[in-house]
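So the structure is just underneath, and the comments pick up after that.
The values are calculated or read from the model by the stated rules, or taken from the named source; none is laboratory data. Note that this is a predicted model, so its numbers are computed, not measured. Note that we place each Cβ from the backbone using ideal geometry, even for glycine, and neighbour counts take in every protein chain shown. Note: accessible area is taken over every heavy atom of the protein model, side chains too, but ligands, DNA and RNA are not part of it. Shrake-Rupley method; radii C 1.70, N 1.55, O 1.52, S 1.80 Å.
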Amino acid sequence: MFEHIEAFPGDPILSLNEDFQQDPRTNKVNLSIGIYFDDNGRLPVMKSVAEAEAALLADMGPRSYLPMSGLVAYRQAVQALVFGENSPARVEGRIATLQTLGGSGALRVGADFLKRSFPNTELWLSDPSWENHRVVFERAGFTVNSYPYYDAATGGLKFDEMLAAIKQIPQGGIVLLHACCHNPTGVDLNKEQWLQVIDVVKQRKLLPFVDMAYQGFGTDLDDDAFVVRELARQGVSALVANSFSKNFSLYGERVGGLSVICQSADEASRVLGQLTGAVRANYSNPPTHGARVVARVLTSPELRADWQKELASMCDRIARMRQAIHDQLRAHVTGEKLSRYITQRGMFTYTGLTADQVDRLKNEHGVYLLRSGRMCVAGLNERNVGVVANAIGQVLKG
Ligand code: LMR
């Protein structure tokens with residue numbers, strides 16, 4: 001029956017992470033997957049999260065099915081965090097928000113909804129984009145195209161080319177945008193550039209699908225959501241996927257959200273209904289635990305203040321590590337290209353290392369990056385940064 005089934009070629013991120021777990025070398029360093037590790041190389045349990053969990057455990061109660069759209073308190077908290085507590089679109093009930101299985105689940109449910117609602121529309125991704133974007137949308141039946149984004153020569157953005165390409169997208173086309181901390185390049189648009197993109201979106205009547213998996217890792221929770229809030233403010237219909245994997249360090253709980261900005265409360269309620277139908281067809285309803293934890297932290301003033309402090313200190317540590325790898329690499333590399341380690345934002349830096357060089361880093365030094373050259377700087381710490389810089393230096397020597 002299954003003779004014709006081909007071997008799975010693996011996933012460029014998750015399979016590599018599994019290879020890392022199997023690697024017996026004790027000096028190995030994981031800079032492949034987008035996970036924040038602390039200065040001791042450990043995955044942190046945030047204090048605010050642990051406190052919320054302890055309180056929930058003391059008051060666990062029965063666990064029936066959640067509604068298909070998820071926990072109500074969680075959905076409201078997600079909406080307030082993503083759009084701002086007093087967002088007019090939110091107050092007017094024009095945003096449909098549902099709980100999803102992480103950011104990937106939000107993308108998939110959104111993709112299913114869009115495919116049913118706009119069967120002939122195509123999608124445009126930045127070049128490059130998170131590897132799984134293409135997979136999710138192609139599996140949902142979309143033709144996936146791309147628009148220029150990263151400038152390998154400068155380590156910055158090809159903004160004019162990006163904008164020119166978006167201007168060519170046919171009316172109704174779906175354009176996937178990264179709200180902040182672009183994955184994989186770490187290169188973001190500034191506010192002025194976002195406003196120009198939104199103008200084009202409006203002129204061309206495009207449908208933005210914004211992926212915000214790293215809210216809080218760029219500038220701060222509010223600034224990182226600039227494009228999302230501006231779309232809502234300007235009344236542009238759009239989808240927004242968000243995730244608490246990174247900013248709550250709750251990777252395995254799969255807590256995310258999908259919000260759709262609509263033109264009226266009535267439209268939002270019909271859209272929510274259709275999204276709910278997509279959830280039922282995929283997995284019926286989401287799990288309880290992660291959503292209860294996140295809702296508790298976000299709605300309790302003390303826990304929320306603690307959480308924001310913890311998140312800010314994670315960002316400070318990443319900034320220190322960016323500076324450290326930059327400084328250490330100076331001993332090995334000359335030229336301006338190093339500045340990208342500092343200027344790129346969020347968890348990732350696009351190093352410019354080739355796939356062959358990345359393979360050598362892994363095979364000869366036990367240092368894991370993605371074959372695209374993406375490095376997760378949040379995996380660096382005081383103890384491994386010298387080892388990593390040295391390994392890169394050796395590989396660059398040829
Ligand atoms: C990443 O980009 O490494 C993370 O978002 C993890 C994943 O699911 O790919």
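Overview of results
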{"item": "Over the chain: helical MRE at 222 nm, DSSP H runs n ≥ 4 each giving -39500 (n - 2.57), nearest 500", "result": "-14000 deg cm²/dmol"}
{"item": "Candidates 291, 355, 96, ranked by Gaussian network fluctuation over the chain, Cα under 10 Å, top entry", "result": "355"}
{"item": "Proximal charge balance of residue 188 [Cβ under 11 Å; K/R count +1, D/E count -1]", "result": "0"}
{"item": "Of all DSSP beta bridges in the stretch 153-311, antiparallel share, percent nearest 5", "result": "40"}
{"item": "Area of residue 365 that stays accessible when all protein chains are in place (1.4 Å probe, Å², to 10)", "result": "50"}
{"item": "Radius 14 Å from Cβ of residue 15, net charge of other residues (Lys, Arg +1; Asp, Glu -1)", "result": "-3"}
{"item": "Antiparallel content of DSSP bridges confined to the chain, in %, to 5", "result": "50"}
{"item": "Charge sum, other residues only, whose C-beta stays under 14 Å from residue 147's C-beta, Lys/Arg counted +1 and Asp/Glu -1", "result": "-1"}
{"item": "Percentage relative contact order, the chain, counting C-alpha pairs under 8 Å, at least six apart", "result": "26"}
{"item": "For residue 156, residues with placed amide H under 5 Å, excluding near neighbours", "result": "151"}
{"item": "Under the Debye formula (equal points on every Cα, no solvent term), log10 I(q)/I(0) of the chain at q = 0.09 Å⁻¹", "result": "-0.54"}
{"item": "Flagged links, alpha-carbon separation over 25 Å, of 47/362; 28/158; 158/191; 115/167", "result": "47/362; 28/158"}
{"item": "Candidates 55, 89, 378: whichever shows maximal mean-square fluctuation once the chain is modelled as a Gaussian network with Cα springs under 10 Å", "result": "55"}
{"item": "For residue 172, distant residues with modelled amide H under 5 Å away", "result": "206, 207"}
{"item": "HN-Hα J in Hz across the stretch 211-219 - Karplus 6.51, -1.76, 1.60, θ = phi - 60°, x for Gly and Pro", "result": "9, 10, 8, 10, 4, x, 9, x, 9"}
{"item": "Amide H partners (placed H, <5 Å) of residue 210, local residues excluded", "result": "177, 239, 240, 241"}
{"item": "Helix 102-117 vs. the chain, principal-axis angle (Cα, 0 to 90°, nearest 10)", "result": "50"}
{"item": "Karplus (6.51, -1.76, 1.60) ³J(HN,Hα), θ = phi - 60°, over the stretch 48-65, in Hz, Gly and Pro reported as x", "result": "4, 5, 4, 5, 4, 5, 4, 5, 5, 4, 5, 9, 5, x, x, 10, 7, 5"}
{"item": "Solvent-accessible area of residue 283 with every protein chain in place, 1.4 Å probe, in Å² to the nearest 10", "result": "60"}
